[in-house]
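Written out below as structure tokens is the structure these notes cover.
The values are calculated or read from the model by the stated rules, or taken from the named source; none is laboratory data. Note that this is a predicted model, so its numbers are computed, not measured. With ideal geometry, Cβ positions are generated from the backbone for all residues, glycine too; neighbour counts draw on all protein chains shown. Keep in mind that these areas ignore ligands, DNA and RNA; they rest on the heavy atoms of the full protein, side chains included. Shrake-Rupley method; radii C 1.70, N 1.55, O 1.52, S 1.80 Å.
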Amino acid sequence: MFALLHWALHVYTGKEMMGNLELGPEADVSQLEPLLTSENIEQLEAAFVAQVQVSVAQWLKKALDGEVAEWSGEQEPPTDPSGFYHSPMPAIVLQILAENIQVTNLISDSLHRRVHNMAVSELGAFLRSFSDALIRFSRDHLRGEAVAPHYVPYLLAAFNHQSALRSSVSVLLPDGEASGVLAPVEAALDDVQRRICRLVLEVLQVELQPLFSALPSRRWLLSSELLDGVCEQTSHFCQNFWRVRKPGVQLLLAEAERTVVLQYLRALMQGRLVCRGTDERGQAAERLRQDAAQLKELFLGLGLEESAHCAPVLLALRELLNLHDPTLLGLEVAGLRQQFPDVSEDHVSALLDLRGDVSREHRQAALSSLQAGPPPSPSTGRRALFSLVPTPTPSLSSCLPSGPCS
């Protein structure tokens, strides 16, 4: 089909055939009837695209099957000379698609557009298949049906694959076309990236959950031991993040820090501790300050930019506990809402319970300030935190973070 289209549209009227100068004025190419009607060309192009689509789908499936087969292997993912997790799969996928698009330049603009649209569609289908494969991989691993010795490293390697596809997908963009034509592919890449990030964070959350079960407590008031364990576990978990290329590593670190903070807030809201006087309230406030500083130091050390940190929320809660005059709680609560618009009455009530000295009258006044105060500034730009910390104790799945990785 390709050879017939090329011959009829280009060779027949070209210099090697009817356009040859030796034929002289007797052969006027412009007067020749086309060898194929427009209907013939339409049918051939449609049949050609359909056949190429079948072949492309088979090649992409073979590439994906080869990649997935390595996920449960005994060896860690391969790395490139810079130490980043690497696989030839993204380059293979884009090469298959780009070559099939490029060759159609020899035929016609219409065939080029058809094959380009087909390639974008097949890449979207490939990404959906990739996402489905990740779900099966995670399910089989977590159920113990096919435990992967290097589960998280292969998730991180998959994260790198999506970044590689994203950085190179522009090769599929036709000359002169706006980048918007690749919007469906970019949206699919975003979906896969969020899924991978979520699967990674689920592992971190499961590992941290037992450590946060003892927070807050009087043991927590008196020692940094509990958060030391959290930081040690988190640091160990994130040790392979450096094998993820930028900007992906920043996203993973930001979501890891956010996961830790959400676990901390969730534990804080469970009513496990009621302060028994001014001294314990002061200890709790100081513990929040020290824990915020410790988390900041941890994630700065891991390479997370300070502007992405969520841990400063602990300093805002510290002010609520550190306040000596309960009659001023309304002002503190209003200020908290200004910084974190998603804080609710349930969250504030749980924090007031932790103080242990708030009368019913003062509680009502403080809760009323949530509604009576000025509306939060739209320029705060803070992502949701409190709305992801339901009270009372939620199920495991309900407290997973949402956002870039959900």
Rounded to 10°, Cα long-axis angle of helix 248-268 versus longest principal axis of the chain: 30 degrees
Peptide ranges 118-129, 358-369 listed from the most packed, as the mean C-beta count within 10 angstrom indicates: 118-129, 358-369
Top positive-direction residue, dipole computed over the chain with Cβ charges, set Trp7, Thr327, Gly229: Thr327
Solvent-accessible ranking of Ser30, Ser72, largest area first, probe 1.4 Å: Ser30, Ser72
Calculated from backbone phi, Karplus (6.51, -1.76, 1.60) coupling profile of region 304-319 in Hz, x at Gly/Pro: 7, 4, 4, 5, 8, 6, 9, 4, x, 4, 5, 5, 5, 5, 4, 4
Nearest-20 debye value, the chain charge dipole, Cβ charges on Lys, Arg, Asp, Glu: 1720 debye
Cα centroid separation, region 291-308 to region 106-125 (Å): 46 Å
Angle in degrees between helix 345-355 and the longest Cα principal axis of the chain, rounded to the nearest 10: 40 degrees
Cβ-defined net charge surrounding Ala285, 9 Å radius [Lys, Arg +1; Asp, Glu -1]: +2
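On full extension of the chain, what length is gained from Glu305 through Asp140, given 0.36 nm per residue of separation minus the C-alpha to C-alpha distance?
55.9 nm
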Per-peptide average of other Cβ atoms within 10 Å, ordering 76-82, 277-283 highest first: 277-283, 76-82
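Could you order the peptides 132-138, 345-351 from most to least packed, using the average number of other C-beta atoms within 10 Å per residue? Could the numbers behind the result be given before it?
Numbers: 132-138: 16.0, 345-351: 18.7.
Result, highest mean Cβ count within 10 Å first: 345-351, 132-138.
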Percentage relative contact order, region 42-193, counting C-alpha pairs under 8 Å, at least six apart: 33 percent
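Got the relative contact order for the chain handy, in percent, Cα pairs under 8 Å and 6 or more residues apart?
Taking the mean separation of contacting Cα pairs over the length of the chain, I get 14 percent.
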Simple spin-label estimate for Gln239 and Glu207 in nanometres, 7 Å along Cα-Cβ: 0.9 nm
Distance in nm between pseudo-label sites at Leu4 and Ser55 (7 Å out along the Cβ direction from Cα): 1.6 nm
Other-chain or far-sequence residues with amide H under 5 Å of Thr79's (modelled H): His86
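Given a Förster distance of 56 Å, report the FRET efficiency between Ser217 and Gln95 from their Cβ-Cβ distance, rounded to the nearest 0.05.
So, using R0 = 56 Å, E works out to roughly 0.45.
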Helix axis angle, 38-70 relative to the chain longest principal axis, alpha carbon, degrees: 40 degrees
Probe 1.4 Å - accessible area at Asp65, Å² to nearest ten: 70 Å²
Selection from Met89, Gly73, Asn100, by position along the positive dipole direction of region 60-102 (Cβ): Asn100
Full-extension gain in nm, Glu33 to Thr13, via 0.36 nm per residue minus C-alpha separation: 6.2 nm
Length released on extending from Arg276 to Asp80, taking residue separation times 0.36 nm less the Cα-Cα span: 64.9 nm
Label-point gap, in nm, between Ala293 and Asp191 - each point 7 angstrom along Cα→Cβ: 4.7 nm
Point-charge dipole on Cβ atoms (K/R +1, D/E -1) for region 227-372, about Cα centre, debye to 20: 320 debye
